[in-house]
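S.K.: Dropping a structure here in structure tokens format, bear with me for questions.
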Amino acid sequence: MRGNRPKRRTTALGSAGVLVTATLMAGAAAVPTASASAGHGQDREARGAAIAAERAAKAGIDWQDCPADWGFAKPIQCGWVSVPLDYAHPYGKQLKLAVDRIANTGTKEERQGALVYNPGGPGGSGMRFPTRVTNKNPIWANAAKAYDFVGFDPRGVGHSAPISCIDPQEFVKAPKMDPVPDSEADKTAQRKLAREYAEGCAERTGKAMLQQMTTPNTVRDLDVIRAALGEKKLNYLGVSYGTYIGAVYGTMFPGHLRRMIVDSVVNPSRDKIWYQANLDQDVAFEGRWKDWEDWVAANDAAFHLGTTRDAVQAKWLQLRATAKKSPIGGVVGPAELISFFQSAPYYDSSWVPIATVFSKYVAGDTQALIDAAAPDMSDTAGNISAENGNAVYTAVECTDAKWPTSWKKWDRDNTALNKNYPFMTWANAWMNLPCATWPVKQQTPVNVKTRKGLPPVMIVQSTNDAATPYDGAVELHHRFKGSRLITEKDAGSHGVTGLLNPCINQRVDSYLLTGQLDGADVTCTPHATPKP
């Protein structure tokens, strides 16, 4: 399941950022620390990454006004950074990665370099990051004085050599099959769809590209972007899957890192990447779904959906049964309902809008639900589409690690989980099942750990996060010595640093501006609960 804004397949993990000058700084072309220990031909890839970074440092970035159809107005600028498709062959085929930036708002003396962002996914675009400055987001005003805010489309995403696994028109068609199977025949049909999807990835993207769609390659790309920006060391903010990019960067390029904040953390243990991580999500989503139902019940005066969690759940099951029997408006079936309602466990900011739509439906207004949950048929044009995001998600997770190939294992694990955690389990299983028949070689994940040169890292996490359960932050904290864990207790929004919570906001500012972390881990009270 993806970690940032859910796309319209049946489910969604997080996404992205980049910046400036053109001469190679000392150390930028040094072979990354991880090379010797990685083995298995990664020495060549480490050398290739150093060559690509040196080349990028010389070339710099030719910043221009952004193309009109990208939707980023001045003073945001856009550019391109070339990276090798395969780092073992740095002089072979190149990919052009889209980057954008906005200059720091403070003085020349206040500037501390570029802050590069990734929002997650896999498959999320970070290109909107500079708009935090143009939209005058007060949470980021202090950091914006010191840093150029840089976004990028990772390889395969959006404007950066986008990949595809299925016709975009086909992808958004609705209603889709109910993810919760009623019979063995349903499971057989879903298995066929997953196998065809995997085959489609190979056909539409090509195996050569698919094989190179990995987190370590995205990390190497990030280091090339750092060099192209003229930065000796990287300042990085990663959310959701962006935290895993950060964890792997800190392992592969520890000496190239200046400051790093990871927010809503993917568990970096090799045992979790990626099969077990997705099963863990199913449990966490159920917990956060219940938190939302409790909140809806507590606000019955506004929503009239029941005064207890059980009453709200009964209405949800009734809605689901209605949509299964006859899709609402002809397009909203159980799969589309999950795609829409899963935003509530993801983000507190979705609590009011989703409860409002649900409330309207129960009161007799079906159009509000159709408008909110039906697929966006225009979401097929250009490169930034739901289909592209889903293709990248699948390609990276399936290629990053070895997945079980036995259907019996998938069936046993998901059937058992579904008994107690039914909200997301089967939807998530089908989303990931293409990995069971993946057409290119699956890799071994990087062993994330502290290496010489790693600076102190800030880790931020809410205790009830559904997409990236809390254990992931604890695990990375354990692996990155000298890191500090800031816990938002009794909260569960995915992506904490963008929310108004002075206990967190002030520490983020302090770290970015001075490099200082607290002497010990910190527990913060939760941000404000949404009000109807």
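The values are calculated or read from the model by the stated rules, or taken from the named source; none is laboratory data. Every value quoted in this text rests on a predicted model; they were computed, and no experiment measured them. Virtual Cβ from ideal backbone geometry, glycine too; neighbours counted across all protein chains shown.
S.K.: Restricting to segment 460-485, name every residue that is farther than 24 Å from E286 by Cα and either buried (at least 23 other Cβ atoms within 10 Å of the Cβ) or in contact with a strand residue (DSSP E or B) (Cβ under 9 Å, 6 or more places away or on another chain) (or both).
M.R.: Hits for segment 460-485 are H477, F480, S483, R484, L485.
S.K.: Which residues, taken from segment 55-83, are surrounded by 13 or more Cβ atoms within 10 Å (Cβ to Cβ), of a type outside the set (F, W, Y) and in contact with a Gly (Cβ under 6 Å, 6 or more places away or on another chain)?
M.R.: Matches in segment 55-83: I61 only.
S.K.: Give the residues of segment 151-182 that are in contact with a Phe, Trp or Tyr (Cβ under 7 Å, 6 or more places away or on another chain) and not in a loop (DSSP other than H, G, I, E, B), sorted by residue number.
M.R.: The answer is G151, and nothing else.
S.K.: Using the structure shown, decide if A429 is among the small types (G, A, S), buried (at least 23 other Cβ atoms within 10 Å of the Cβ) and touching a Leu at 6+ places or on another chain (Cβ under 8 Å).
M.R.: The answer is no for A429.
S.K.: Just give me the residues in segment 398-420 being closer than 30 Å to L317 by Cβ and surrounded by 21 or more Cβ atoms within 10 Å (Cβ to Cβ), in sequence order.
M.R.: Once the filter is applied, which keeps residues that are closer than 30 Å to L317 by Cβ and surrounded by 21 or more Cβ atoms within 10 Å (Cβ to Cβ), segment 398-420 yields W410, N414.
S.K.: Please indicate, with yes or no, whether at least one residue in segment 508-517 is of a type in the set (F, W, Y) and not in a helix (DSSP H, G or I).
M.R.: No, segment 508-517 contains no residue that is of a type in the set (F, W, Y) and not in a helix (DSSP H, G or I).
S.K.: Continuing with the same structure: Of the conditions (1) under 15 Å from G158 (Cβ atoms); (2) outside any helix (DSSP H, G or I), D69 clears all except one; give me its number.
M.R.: The single condition D69 does not satisfy is (2).
S.K.: So P32 clears everything in (1) modelled with pLDDT of 95 or more; (2) buried (at least 22 other Cβ atoms within 10 Å of the Cβ); (3) farther than 30 Å from L433 by Cβ; (4) not polar (S, T, N, Q) except one condition, right? Which one?
M.R.: It is condition (1) that P32 fails.
Results for (1) part of a loop (DSSP other than H, G, I, E, B); (2) at pLDDT 95 or above; (3) within 22 Å of A141 (Cα to Cα); (4) among the polar types (S, T, N, Q), shown as yes or no for each residue.
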site: K452; (1), (2), (3), (4): yes, yes, no, no
site: V460; (1), (2), (3), (4): no, yes, yes, no
site: A467; (1), (2), (3), (4): yes, yes, no, no
site: G472; (1), (2), (3), (4): no, yes, no, no
site: E475; (1), (2), (3), (4): no, yes, no, no
site: L485; (1), (2), (3), (4): no, yes, no, no
site: A491; (1), (2), (3), (4): yes, yes, no, no
site: T497; (1), (2), (3), (4): yes, yes, yes, yes
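S.K.: Under 21 Å from Q211 (Cα atoms), in a helix (DSSP H, G or I) and small (G, A, S): is that true of A56 in this structure?
M.R.: no
S.K.: I'm trying to understand the selection: among the residues of segment 325-348, which are among the aromatic types (F, W, Y) and not in a helix (DSSP H, G or I)?
M.R.: Y347
Residue-by-condition table, conditions (1) surrounded by fewer than 24 Cβ atoms within 10 Å (Cβ to Cβ); (2) closer than 30 Å to Q42 by Cβ:
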position: Q367; (1), (2): yes, no
position: M377; (1), (2): yes, no
position: N388; (1), (2): no, yes
position: P422; (1), (2): yes, no
position: A436; (1), (2): yes, yes
position: Q443; (1), (2): yes, yes
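S.K.: Does segment 89-110 hold any residues that are part of a loop (DSSP other than H, G, I, E, B) and either surrounded by 17 or more Cβ atoms within 10 Å (Cβ to Cβ) or on the phi > 0 side of the Ramachandran plot (or both), and which are they?
M.R.: P90, A103, N104, T105
S.K.: Using the structure shown, decide if M127 is closer than 30 Å to K408 by Cα and either out of contact with any strand residue (DSSP E or B) (no Cβ under 7 Å at 6 or more places or on another chain) or part of a loop (DSSP other than H, G, I, E, B) (or both).
M.R.: no
S.K.: Something else about it: Has segment 312-322 got any residue that is hydroxyl-bearing (S, T, Y), touching a strand residue (DSSP E or B) at 6+ places or on another chain (Cβ under 9 Å) and part of a helix (DSSP H, G or I)?
M.R.: Checked against the condition, which is being hydroxyl-bearing (S, T, Y), touching a strand residue (DSSP E or B) at 6+ places or on another chain (Cβ under 9 Å) and part of a helix (DSSP H, G or I), segment 312-322 yields at least one hit.
S.K.: Please work out which one of (1) over 21 Å from Y244 (Cα atoms); (2) in a helix (DSSP H, G or I) is the condition F423 fails and give its number.
M.R.: That leaves (2) as the condition not met.
S.K.: From (1) among the hydroxyl-bearing types (S, T, Y); (2) within 26 Å of the chain's Cα centre (by Cα); (3) surrounded by fewer than 22 Cβ atoms within 10 Å (Cβ to Cβ), pick out the condition that doesn't hold for S359.
M.R.: S359 satisfies all of (1) among the hydroxyl-bearing types (S, T, Y); (2) within 26 Å of the chain's Cα centre (by Cα); (3) surrounded by fewer than 22 Cβ atoms within 10 Å (Cβ to Cβ) except (2).
S.K.: Has segment 374-392 got any residue that is in contact with a Gly (Cβ under 6 Å, 6 or more places away or on another chain), in a helix (DSSP H, G or I), modelled with pLDDT of 95 or more and within 30 Å of G156 (Cα to Cα)?
M.R.: Taking every residue of segment 374-392 in turn, at least one turns out to be in contact with a Gly (Cβ under 6 Å, 6 or more places away or on another chain), in a helix (DSSP H, G or I), modelled with pLDDT of 95 or more and within 30 Å of G156 (Cα to Cα).
S.K.: From the list D490, D509, pick out the single residue that is surrounded by fewer than 19 Cβ atoms within 10 Å (Cβ to Cβ) and in contact with a Pro (Cβ under 6 Å, 6 or more places away or on another chain).
M.R.: The match here is D490.
S.K.: Run down V116, V83 and say which single residue is closer than 30 Å to S510 by Cβ, part of a strand (DSSP E or B), touching a strand residue (DSSP E or B) at 6+ places or on another chain (Cβ under 8 Å) and of a type in the set (V, I, T).
M.R.: V116
S.K.: A further question follows. Restricting the search to segment 40-54, which residues are farther than 12 Å from D223 by Cβ and either in contact with a Pro (Cβ under 6 Å, 6 or more places away or on another chain) or buried (at least 18 other Cβ atoms within 10 Å of the Cβ) (or both)?
M.R.: Passing the criteria: only Q42.
S.K.: Can you tell me which residues in segment 428-450 are in a loop (DSSP other than H, G, I, E, B) and under 24 Å from Q211 (Cβ atoms)?
M.R.: If the condition is that a residue be in a loop (DSSP other than H, G, I, E, B) and under 24 Å from Q211 (Cβ atoms), then W438, P439, V440, K441, Q442, Q443, T444, P445, V446, N447, V448 are the ones that fit.
S.K.: Among the residues of segment 398-408, are any part of a helix (DSSP H, G or I), more than 25 Å from the chain's Cα centre (by Cα) and more than 27 Å from L305 (Cα to Cα)?
M.R.: Yes, because at least one residue in segment 398-408 is part of a helix (DSSP H, G or I), more than 25 Å from the chain's Cα centre (by Cα) and more than 27 Å from L305 (Cα to Cα).
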